[in-house]
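Novice: I have a structure I would like to understand better, so I am pasting it below and will then ask my questions one at a time.
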Amino acid sequence: MKINKLILIAASALMLGSCNGLLEKTPLGSLAVENYYKTEDQLNTAVLGVYHVFMTENFGLYHYLHVGDNLSDDSELGNSRSPGLAWAGNAKSLVQYNILPNNSYACNNTWNQDWQVVTKSNYIIENAIKNDVKNKEPYIAEAKFLRSYVYFDMAAQLGGLPIVDHILSSEEYYNPRASMEDTWAFVEKGFEEAIPDLPVEWGAGNLGRATKGTALAMLARAYIYHASFNKSQETWQKAYDACKAVIDGGYFKLLDNYADIFKYENRNNKEIVFSIQFWTTVSGWGDSNDGNMMSFYGRDAGVSLTDLDPETSTLDKDFGEGTYDWVYNTMKKEGVFVDDKGEPTAYFKRMTGWSLHCPTWDLYNEFEEGDPRRAATIIEKGEVFDGFTHFNLSSPSRLQSKKEYCPMKYRTDLSNEDNLGMNLIVLRYSDILLYMAEACNELGKSSEALEYLEMVRARARKSAASANVLPKVTVTDKAALRDAIYHERRVELAMEYNRYYDLARTGRLYDTMKAYYEKYESTPNEYNSGQDKGKYVQPYHVHMPISRQAIEASYYNGEFTLEQNPGY
């Protein structure tokens, strides 16, 4: 397809930018292809350049924050007080499911960045083999992993894709999309081939790189998605076998305390299967930024000096009589908004984000009474957390995400508050345990499914104030147990960018989002965000549209070789 031609041209200039921090490497710059990929060090640097694509603003914003959560019943965009809402643009039509093929959040940026990863990975694989680089095997395996990783994301979001497993010749730019079945098989093949040559650990200075356990876990995840779509017992069995290999291999473990998973100082703990690594540097906004901008986008927009001026404040009008006094007196007591000269303090400046990832009350109420995961996931209105009171004025629900929150002491760059070192968790071990429970149930192994489900609930119970919460699930009816597993996935993984994909792959998206709109949006109530969330949802929204630009670029011999998804 022609869209790849642009990416290949860029890749031929070897845009292999790597960054300080992830693997302690510096940018390589541009080199001619024929002079590169000849040493192990060059292969290593090239692979690190692929990882850097995941660190860009657009990659996290489109794959994860907006599509993964904001398209679901778990999170909302902020209200009119959010300074990011106007900037978000197409995100407002996205959450309504009024999605067009030129929507940047669902289409163009996601498509282009993923194919950039595919192209870079193929250059590494082919040239490492052609040049017979010494000790090339782990880097080829890592490139295959990275290629399958983005193929997984694209397949989950878009369905069948053109299979690009080598550097394309000009005649191959217009390859059509493969079937869903063949696409998932290709994703799985990449992970399978990566496993033998990836190390169990990479060693110091290489945190975040794919390991043998990571590839095996991602293979299990791919089988789960594949089985969810094709309903094949054979594929469910493959998912079961892969999950069991991860569990029996001892690569990962559950932490005792649920909240500890998400602490900044614990970013690469033993429960994390794969995460996108970030760090703080002074590098400005946009895709050149080395920090996790999702953390900034999700954080509450805070309180302005206008809010604190009685002549200009609309707090009482917007939120009820007494809000101004509550906010002003609380902040004055905490001493965080003005200095002796009446100027905003550094602490006050650090309180602002964009409120583009706000938990819903529907998610809040999904947690069982006493479940400690709710407090570890959600910052409530008036909660004192990280040293100050959170008013959550820019959130429609007055709730804020806690998992992606970066503590004040780790925000070192006041000029770029988006420049944050919080990692973006892609997959963790409890996810694998719940996938295993799901596979067991679909294979008729209800007793075994309950064991893995209980492992997740038992860990949460450890963190609770009472041992009597989260009772063991005992249902063995397949449908009832399936619902219990779905519930557990929702609360265990809440605000981790999974919900839309879970609803889509399990066939629950249309009914869930239609019900959400009818309950919360179509009738004025205290939970109404005013964004008509889910209003236009249709069954075909289990996949996003293919980029219109990509389809237009696929015109060849009088026809478009790249087909659009149904409904768009």
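We did not get these values from a lab; they are worked out from the coordinates using the rules stated. Computed from a prediction, not measured in an experiment: that's the story for all the values here. Glycine also receives a Cβ, built like all others from the backbone with ideal geometry; neighbour counts cover every protein chain displayed.
Novice: What are the ³J(HN,Hα) couplings of segment 259-274, residue after residue, when phi is run through the Karplus curve with 6.51, -1.76, 1.60 and θ = phi - 60°? Round to Hz, x for glycine and proline.
Specialist: 5, 5, 4, 9, 6, 4, 6, 10, 5, 10, 6, 5, 7, 7, 7, 7
Novice: Additional query: Give me, ordered by chain and number, the residues 5 or more places off Ser75 or on other chains with an amide H under 5 Å from its own placed amide H.
Specialist: Distant-sequence amide H within range of Ser75: Thr360.
Novice: Which number comes out as Rg/Rh for segment 202-303 once both Rg and the Kirkwood Rh are worked out on C-alpha atoms?
Specialist: Looking at segment 202-303, the ratio lands at 1.07.
Novice: Still on this model: With loop defined by DSSP as not H, G, I, E or B, and exposure as at most 10 other Cβ atoms within 10 Å, which is the longest segment of the chain clear of exposed GluC sites (Glu not before Pro)? Don't jump to the answer; show the numbers that get you there.
Specialist: Numbers: sites that count: Glu311, Glu321, Glu369, Glu526.
The longest such stretch corresponds to 1-310.
Novice: Shifting gears a bit: Taking Lys341 as the anchor, which aspartates and glutamates have their alpha carbon closer than 16 Å to its alpha carbon, excluding any fewer than eight residues away along the same chain?
Specialist: Asp309
Novice: From largest to smallest, what semi-axes in whole angstrom does segment 464-525 give when each is the square root of 5 times an eigenvalue of its alpha carbon gyration tensor?
Specialist: With the √(5λ) rule applied to segment 464-525, the semi-axes are 25, 17, 13 Å.
Novice: To continue, here is another question. What per residue convex hull volume, in Å³, comes out for the chain when only alpha-carbon positions are used? Write out the running numbers ahead of the final one.
Specialist: Numbers: hull volume 85.3 nm³, N = 568.
Roughly 150 Å³ of hull volume per residue.
Novice: Find which of Tyr452, Val384, Tyr405 sits farthest along the positive direction of the dipole of segment 359-484, computed with +1 on the beta-carbon of Lys and Arg, -1 on that of Asp and Glu, about the Cα centre.
Specialist: Of the options given, the answer is Val384.
Novice: Let me ask you something else. Among residues other than Phe252 whose Cβ falls under 9 Å from its Cβ, what is the net charge (Lys/Arg +1, Asp/Glu -1)?
Specialist: Residues near Phe252 contribute +2 overall.
Novice: May I pose another question? Over all directions, how big on average is the projection of the convex hull of the alpha-carbon atoms in segment 401-519, in square nanometres?
Specialist: The number I arrive at for segment 401-519 is 10.2 nm².
Novice: If amide hydrogens are placed 1.01 Å from N in the peptide plane, which non-local residues have theirs closer than 5 Å to the one on Phe385?
Specialist: Residues meeting the amide H criterion: His390.
Novice: Could I ask something else about it? Report, in deg cm²/dmol and to the nearest 500, the calculated mean residue ellipticity at 222 nm for the chain, where each DSSP H run with n ≥ 4 adds -39500 (n - 2.57) and the sum is divided by the residue count. If you can, show how the numbers build up before the last one.
Specialist: Details: 23 runs with 244 residues, N = 568.
Helices in the chain give a 222 nm mean residue ellipticity of -13000 deg cm²/dmol.
Novice: For segment 346-403, what size does the Cα cloud have along each of its three principal axes, sorted from largest down, in whole Å?
Specialist: Result, largest extent first: 39, 21, 17 Å.
Novice: So which trypsin sites (Lys or Arg not before Pro) in segment 230-331 pass both tests, a DSSP loop state and at most 15 other Cβ atoms within 10 Å of the Cβ?
Specialist: Those that pass, being in a loop and sparsely packed, are Lys231, Lys253, Lys263, Lys270.
Novice: Can you give the three extents of the C-alpha atoms in segment 81-231 along their principal axes, from longest to shortest, in whole Å?
Specialist: 54, 42, 35
Novice: Something else: Over its Cα atoms, what ratio of radius of gyration to 2.2 N^0.38 Å does segment 99-180 give?
Specialist: Ratio of Rg to 2.2 N^0.38 Å for segment 99-180: 1.21.
Novice: Please tell me the relative contact order of segment 383-474 in percent, rounded to the nearest whole number, where contacts are Cα pairs under 8 Å and at least six residues apart.
Specialist: 15
Novice: With axes computed from alpha carbons, what is the tilt in degrees of helix 233-249 against the longest principal axis of the chain, rounded to the nearest 10 within 0 to 90?
Specialist: Approximately 80 degrees, to the nearest 10.
Novice: Another question, then. Quick one: net charge around Tyr517, please, counting Lys, Arg +1 and Asp, Glu -1 for every other residue with C-beta under 12 Å from its C-beta.
Specialist: -2
Novice: Along each of its three principal axes, how wide is the spread of alpha-carbon positions in segment 365-464, in whole angstrom units, largest first?
Specialist: Dimensions of segment 365-464 along the principal axes of its Cα atoms: 55, 28, 26 Å.
Novice: If you don't mind, another one. What do you get for the angle between helix 323-334 and the principal long axis of the chain? Use alpha-carbon atoms, 0 to 90 degrees, nearest ten.
Specialist: 80
Novice: Taking 2.2 N^0.38 Å as the expected size of a compact globular protein, what ratio does the Cα radius of gyration of segment 149-267 give against it, to two decimals?
Specialist: Against the compact-globule rule of thumb, the ratio is 1.24.
Novice: For segment 31-153, report the % of Cα-Cα distances exceeding 23 Å.
Specialist: When all Cα pairs of segment 31-153 are counted, 44 percent exceed 23 Å.
Novice: Taking amide H positions as placed 1.01 Å from N in the peptide plane, with prolines and chain starts having none, which residues 5 or more places from Ser275, or on another chain, fall under 5 Å of its amide H?
Specialist: Val426
Novice: On to the next question. Taking the Cβ of Lys212 as the centre, find all other residues whose Cβ is under 10 Å away and add up their charges (Lys, Arg: +1; Asp, Glu: -1).
Specialist: Value of the local net charge: -2.
Novice: Additional query: On a 0 to 90 degree scale, rounded to 10, what angle separates helix 137-158 from the longest Cα axis of the chain?
Specialist: It is inclined by approximately 60 degrees.
Novice: Can you list the lysines whose alpha carbon is less than 16 Å from that of Lys120, not counting same-chain residues fewer than 8 positions off?
Specialist: Here the lysines satisfying the reach criterion relative to Lys120 are Lys5, Lys38, Lys130, Lys136, Lys144.
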